[in-house]
Amino acid sequence: MSLLTPDSGLLFWMILSFGIVLIILSKYGFPVIVKAIEDRKAFIEESLNTARKANEQLTNIKEEGERIISEAKEKQNAILKEALKEKEHIIEEAHQKAAAETNRQMEEATRQIREEKEKAIREVRKEITDLSISIAEKVMKEKISRDNSQEEIINKMLDEMSFNKS
């Protein structure tokens, strides 16, 4: 017997044991292995689909985020414009109120000055009148006489005074 050529009995038993192992493996082993490979393949495909969906969702989320940011910037600009308009309106309103208050105070001051002036003029006139009357009394006591020239002067003055009052 040679080492390189197997015996026919050994060859028979080897083929028989290989066939039995092959049958047992094909009946019980291969289906489990094939099922595990199919499950693994399905899991990998499902994982790939999930990853694709996640990438699509991420892309959608990024786009929506950019849209939301854009809308927020637009709203921010609109709010800032509205705030500026409101600020200008408040400032204008304050200017108008200040101008109105200034005008009112100026009118009040002018009225008070006019009243004070008229009061001062009345007081000065009263003082002048009182002084004139007292001077006239003193002058009249000394110089009054019953002649016709004095009476004519007095009548003329009375006529002028009544004419000026009219």
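Taking the condition of being assigned to a loop (DSSP other than H, G, I, E, B) and among the charged types (D, E, K, R), how many residues in the stretch 1-60 meet it?
1
Among E46, E66, which is the only one that is within 51 Å of the chain's Cα centre (by Cα) and surrounded by 10 or more Cβ atoms within 10 Å (Cβ to Cβ)? Answer to the check: E66.
Every number in this text was worked out from the coordinates using simple rules, so none of it is lab data. Here the structure is a predicted model, which means the values were calculated and not measured. Here the Cβ is made from the backbone with ideal geometry for all residues, glycine too, and neighbour counts use every protein chain on show.
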